[in-house]
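Encoded as structure tokens, the structure appears first; notes follow it.
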Amino acid sequence: RCGSETEGKERDGASDNETKSDSGVPEVPVSADDTPEVLNKALSGLSSRWKNWWVRGILTLAMISFFFIIIYLGPMVLMMIVLCVQIKCFHEIITIGYSVYHSYHLPWFRTLSWYFLLCVNYFFYGETVTDYFFTLVQREEPLRILSKYHRFISFALYLTGFCMFVLSLVKKHYRLQFYMFGWTHVTLLIVVTQSHLIIHNLFEGMIWFIVPISCVICNDIMAYMFGFFFGRTPLIKLSPKKTWEGFIGGFFATVVFGILLSYVMSGYRFFVCPVEFNNDSNSFTVDCEPSELFQLQDYGLPPVLKSITGWTTVKLYPFQIHSIALSAFASIMGPFGGFFASGFKRAFKIKDFANTIPGHGGIMDRFDCQYLMATFVNVYIASFIRGPNPSKVIQQLLALRLDQQLHIFNSLKAHLTEKGLLPALEEAA
């Protein structure tokens with residue numbers, strides 16, 4: 001829950017006016033207190049405000065520890081965790097829809113929702129396998145056939161679900177069934193598409209996965225801390241207990257944190273190298289010669305800083321400059337994912353998406369901003385970082401017929417000769 005500098009778990013219930021205007025929306029049953037009995041006994045002497053502060057703090061440390069463990073276990077485990085989080089978030093949102101409208105006994109609603117989830121995952125992960133495991137796919141005949149006709153198979157699967165939905169339409173419930181059809185597809189757009197982008201970011205290097213996620217977590221924690229101790233001025237009506245003090249404090253703390261974390265991680269190949277599949281060992285590898293983005297360079301300081309520090313230059317990794325943009329987005333735009341989630345919960349008069357994590361709500365409550373951040377990182381990499389990938393070009397060339405390869409070779413040779421590079425290369429050889 002980004003920027004949740006609430007003094008305790010914020011209840012996203014509706015006001016009296018909202019209750020009147022949304023009276024046609026059935027309420028989702030409110031979950032009971034989910035705090036572990038051990039913590040309830042240990043913190044029984046505290047006020048509800050400080051009790052919630054300690055519960056959130058303890059569970060936050062536990063989640064951060066778990067995050068460190070999965071990072072240590074490597075990229076494959078990270079990808080599996082992302083898939084599990086995606087499924088749980090989808091389940092929480094679909095369950096809300098089912099809880100609201102289950103009294104209408106709509107046929108096949110949950111079955112079709114999970115079927116569409118399967119179809120969309122098959123499409124996205126099939127595209128990823130074809131893109132990043134090209135050599136393996138070409139080596140295995142069944143995979144090669146599935147890869148060749150992947151999009152047609154994906155469309156056929158979706159078309160089957162579409163026909164099943166049309167056949168399930170019941171008189172007197174047409175409008176409601178189309179509401180739920182749209183509910184499922186918007187959920188797929190928000191959850192599955194974004195999680196797929198997280199996987200793509202991970203393949204660019206674990207640093208592109210860890211730094212953005214860590215910046216969102218840092219902003220969440222620091223905004224809560226600043227808001228808890230210094231918050232006085234309300235920030236937005238959707239979340240009345242979020243304050244400007246928390247928002248501004250979280251911003252500066254996150255930018256500093258992002259620069260420091262980037263400096264530490266940029267020195268390790270395990271974090272900066274793209275995640276690639278090694279066909280010889282049939283495993284993921286993260287070993288490479290770091291690009292210029294992760295090599296220390298000298299940067300001149302502005303006159304003001306020169307007069308203060310006495311330094312003329314400072315050594316930084318170029319990635320640290322990019323981390324400022326990532327941190328700024330996590331602090332300024334990221335919280336709008338949380339505001340969107342708050343508005344959604346208010347619309348259905350619920351406190352949290354689920355009660356999976358005591359003091360924090362459901363998995364979706366923790367990832368409402370991470371998905372927005374994942375999209376930004378993917379767009380940022382495509383716009384400012386990623387260039388042509390020679391290895392992928394070679395893989396595609398090797399998949400062509402021999403006569404096509406020869407034609408490309410002759411065209412490339414003529415181009416290099418025209419540029420005057422080929423004779424120089426021949427002399428060097």
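Numbers below:
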item: Answer from Ile213, Ile199, Ile190 - the residue that is modelled with pLDDT under 95, open to solvent by 40 Å² or more (accessible area, probe 1.4 Å) and not small (Gly, Ala, Ser); result: Ile190
item: Evaluation of Ile308 against (1) open to solvent by less than 70 Å² (accessible area, probe 1.4 Å); (2) over 30 Å from Gly338 (Cα atoms); (3) in a helix (DSSP H, G or I); (4) of a type outside the set (Gly, Ala, Ser) (one fails), failing number; result: (1)
item: Evaluation of Ser327 against (1) surrounded by fewer than 21 Cβ atoms within 10 Å (Cβ to Cβ); (2) touching a Gly at 6+ places or on another chain (Cβ under 8 Å); (3) more than 19 Å from Gln86 (Cβ to Cβ) (one fails), failing number; result: (1)
item: Number of the exception - Leu136 against (1) closer than 30 Å to Arg401 by Cβ; (2) at pLDDT 90 or above; (3) more than 24 Å from the chain's Cα centre (by Cα); result: (2)
item: Residue list for region 100-115, filter: part of a helix (DSSP H, G or I) and either of a type in the set (S, T, N, Q) or in contact with a Leu (Cβ under 9 Å, 6 or more places away or on another chain) (or both); result: Tyr101, Ser103, Tyr104, Thr111, Ser113, Tyr115
item: Identity of the residue in region 100-137, of a type in the set (S, T, N, Q) and open to solvent by less than 80 Å² (accessible area, probe 1.4 Å), that ends up farthest from Ala354 (Cα to Cα); result: Thr135
item: Sole residue being under 17 Å from Val192 (Cβ atoms) and not in a loop (DSSP other than H, G, I, E, B), chosen from Leu136, Leu118, Leu143; result: Leu118
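Each row is one residue, and each column tells you yes or no for (1) within 20 Å of Phe319 (Cα to Cα); (2) open to solvent by 20 Å² or more (accessible area, probe 1.4 Å); (3) among the β-branched types (Val, Ile, Thr); (4) not assigned by the TED database to the domain that holds Met76.
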position: Trp208; (1), (2), (3), (4): yes, no, no, no
position: Asn219; (1), (2), (3), (4): yes, no, no, no
position: Pro234; (1), (2), (3), (4): no, yes, no, no
position: Ile248; (1), (2), (3), (4): no, yes, yes, no
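The values are calculated or read from the model by the stated rules, or taken from the named source; none is laboratory data. These figures come from a predicted structure and were not determined experimentally. Heads up, the Cβs are rebuilt from the backbone with ideal geometry, glycines too, and the neighbour counts pull from every protein chain shown. These area figures cover heavy atoms from the full protein model, side chains too; ligands, DNA and RNA do not enter into them. Shrake-Rupley method; radii C 1.70, N 1.55, O 1.52, S 1.80 Å.
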